[in-house]
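One structure below.
The values are calculated or read from the model by the stated rules, or taken from the named source; none is laboratory data. Here the structure is a predicted model, which is why all the values come from computation and not from measurement. Here Cβ is always computed from backbone atoms with ideal geometry, including for glycine, and neighbour counts include all displayed protein chains.
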Amino acid sequence: MPQPKAIIIGAGIAGIATAIRLAIKGYRVEVYEANSYPGGKLSEFEQQGYRFDAGPSLFTMPQYVDELFTLAGKDPRRYFNYQKLDTVCNYFYEDGTRLSAYADGEKLVNELFSKTGEQPANIRKHAINSQRIYDITNHVFLERSLHRLSTYLRWNTVRSILRLPGIDSMRNMHTANQSFLKDKRLVQFYDRYATYNGSNPYQAPATLNIIPYFEQHFGAYFPEGGMYCITSSLIKLAEELGVVFHYNSPVEQIVVEGDKVSGVMIDGEVINADIVVSNMDVWFTYKKLLSHLPGIHPKKILQQECSSSALIFYWGVSKQFAQLDLHNIFFSADYEAEFNSIWKQQTIGADPTVYLNISSKLKPDDAPEDHENWFVMINVPANKGQDWDTLITRARTNIIAKLSRLLGEDIAPLIQCESILDPRSIESRTSSYQGSLYGTSSNNRFAAFLRHANRSSKLNNLYFCGGSVHPGGGIPLCLLSAKIVSDWVGKR
């Protein structure tokens, strides 16, 4: 029998992982990427002696990366290494409070109690609730397709369904956090986890309180060589398995014969394949690659609210700040007003929460000596035609004022170089609809069930992976989407 062929559209992290899994299953795999580089959002660049990871900066659940090497019979440590962080993130509040989110659970409880007065029992109850949500949902809703009958015939699924009230889906995150915690600073601390998948804690279901468990129980890590090493190490593995990557090769169309996908069209040429997996945002997959078949478009799914986007300033800073760590958060004084600006007014408020990542803290050669590479990000609405140039100028002024105030030093003259990424460029560079970072938002309690399936229900041999489909955005979930696709290929 001839070796079956798979084509992957897009060399984002989910596309690379899917390519690896299908190669292990015996497929001849080719990946077509529109950009000149792999990784999608998980890429890197350099400017004036500074190196920056362009996109995701928080690394959790490293076992999902290691698993790909293990499946291939390789030792992960020969390709990819990482260190666990003792301090996950430093938090700065406008009232002068500073918190360190320690990886050790008891140390974290003591830190939060000593800095806010919140009773340890309340903090532990919140942690127990987070773990309960994980226990109910993980093996059913994250690691398996919600769109296959076989998922619901498993005892684990039945048991999880019987425990569904425990996932706390009937109230929003903010309300739930208020019920556990008395201190407003800690409510804000836990509300922030909604931003991990581009959602609004005042709307998103409290089920998202699962996220603190991911971070605290499994830990946060820093890859040796920076975040881009996740991409480069997996590319190396894929190529060793025979996967062929074609860069500067945008797919123009998914070719369909009857009710079956038979390949793709690139530069006017049809390239045949037994299966096609799209790692492109599902909106562009349909609107661009399947525009010739409007009758099969899942209209309700494509009309869902997008997740939030980001505005990122990459700054080379001519000083080192001892009070800063790898991950740092500078909270807004009025969190609800910030989210109202993003979600209701579709703009950027005057006091956004600022996330500051400095990889040179752990990888000193990312910046010149005695300098730091600052990745400065705020959450912003998806691109709906706003006057971004004006918004960016205003936001830059507000961010510099905020950081200068909370750090006690004017940082403006320290900025030696600058690059900017905004929703428009996120959309154009990564084919993410409206520049959304995580596909659709999770502001609806049924959002998990409304995400697009990992396999087409209308066309045979067409599959989907990546942050815009089940189970969601972010590195761990994108890697799980690859697993779900691989498990589904060849089965009904």
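Here are a few things to note about the model shown:
- First in region 42-60 and in contact (Cβ under 8 Å) with a residue 40 or more places away in the chain and among the basic types (Lys, Arg), second anywhere and buried (at least 20 other Cβ atoms within 10 Å of the Cβ) and in a strand (DSSP E or B), Cβ under 7 Å, 6 or more apart: Arg51/Glu44; Arg51/Asn373
- Residues in region 162-199 that are among the aliphatic types (A, V, I, L, M) and either modelled with pLDDT of 95 or more or assigned to a helix (DSSP H, G or I) (or both): Leu162, Leu164, Ile167, Met173, Ala176, Leu181, Leu186, Val187, Ala194.
- Residue, nearest to Gln48 (Cα to Cα), within region 382-404, restricted to residues that are touching a residue at least 24 places away in the same chain (Cβ under 8 Å) and among the charged types (D, E, K, R): Arg396
- Of all residues making up region 200-210, the number that are modelled with pLDDT under 95 and within 17 Å of the chain's Cα centre (by Cα): 4
- Residues being out of contact with any helix residue (DSSP H, G or I) (no Cβ under 7 Å at 6 or more places or on another chain), within 23 Å of Glu427 (Cβ to Cβ) and in a loop (DSSP other than H, G, I, E, B) - total across region 348-394: 3
- Looking across Phe331, Phe339, one residue alone is crowded, with 22+ Cβ neighbours inside 10 Å and under 24 Å from Asp389 (Cβ atoms). It is Phe339.
- Identity of the residue in region 92-142, among the polar types (S, T, N, Q) and either in a loop (DSSP other than H, G, I, E, B) or out of contact with any helix residue (DSSP H, G or I) (no Cβ under 9 Å at 6 or more places or on another chain) (or both), that ends up surrounded by the most Cβ atoms within 10 Å (Cβ to Cβ): Gln119
- Some residue of region 412-434 being touching a residue at least 40 places away in the same chain (Cβ under 8 Å), in a loop (DSSP other than H, G, I, E, B) and under 18 Å from Lys299 (Cα atoms): yes
- Selection from region 342-363 of residues that are surrounded by 19 or more Cβ atoms within 10 Å (Cβ to Cβ) and of a type in the set (A, V, I, L, M): Ile342, Ile348, Val354, Leu356, Ile358
- Residues that are without any contact (Cβ under 8 Å) to a residue 24 or more places away in the chain and either exposed (fewer than 10 other Cβ atoms within 10 Å of the Cβ) or touching a strand residue (DSSP E or B) at 6+ places or on another chain (Cβ under 7 Å) (or both), drawn from region 290-299: Gly295, Lys299
- Count of region 23-33 residues which are surrounded by fewer than 17 Cβ atoms within 10 Å (Cβ to Cβ) and among the small types (Gly, Ala, Ser): 1
- From the list Leu356, Leu391, Leu403, Leu407, the lone residue that is modelled with pLDDT of 95 or more, of a type in the set (A, V, I, L, M) and out of contact with any Phe, Trp or Tyr (no Cβ under 8 Å at 6 or more places or on another chain) is Leu391.
- Meets criteria (of a type outside the set (Asp, Glu) and in a loop (DSSP other than H, G, I, E, B)) for Ala310: no
- Exactly one residue out of Asn110, Asn81 is under 21 Å from Gly219 (Cβ atoms) and in contact with a strand residue (DSSP E or B) (Cβ under 8 Å, 6 or more places away or on another chain): that is Asn81.
- In region 313-338, the residues that are under 19 Å from the mean Cα position of the chain (by Cα) and part of a helix (DSSP H, G or I): none
- Qualifying positions in region 15-72 - aromatic (Phe, Trp, Tyr), under 22 Å from Asn328 (Cβ atoms) and either touching a Lys or Arg at 6+ places or on another chain (Cβ under 9 Å) or in a loop (DSSP other than H, G, I, E, B) (or both): Phe45
- Residues located in region 268-286, provided they are among the polar types (S, T, N, Q) and under 16 Å from Gly40 (Cα atoms): Ser278, Asn279, Thr285
So that you can scan it fast, the table gives a plain yes or no per residue for (1) among the β-branched types (Val, Ile, Thr); (2) in contact (Cβ under 8 Å) with a residue 60 or more places away in the chain; (3) surrounded by 14 or more Cβ atoms within 10 Å (Cβ to Cβ):
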{"residue": "Glu215", "(1), (2), (3)": "no, yes, yes"}
{"residue": "Leu234", "(1), (2), (3)": "no, yes, yes"}
{"residue": "Gly258", "(1), (2), (3)": "no, no, no"}
{"residue": "Asp267", "(1), (2), (3)": "no, no, no"}
{"residue": "Ile271", "(1), (2), (3)": "yes, yes, yes"}
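- Within region 320-345, residues that are within 18 Å of Cys306 (Cα to Cα) sit with their Cβ atoms under 8 Å from residues that are of a type in the set (Gly, Ala, Ser) and at pLDDT 95 or above, at 6+ positions apart or across chains, in these pairs: Glu338/Ser332; Glu338/Gly349; Asn340/Gly349; Ser341/Gly349; Ile342/Ser308; Ile342/Gly349; Trp343/Ser308.
- Qualifying residue in region 28-38 (condition: more than 25 Å from Arg429 (Cβ to Cβ) and over 15 Å from the mean Cα position of the chain (by Cα)): yes
- Residue within region 315-326 that is of a type in the set (Gly, Ala, Ser) and either under 17 Å from Ser436 (Cβ atoms) or touching a His at 6+ places or on another chain (Cβ under 6 Å) (or both) present: yes
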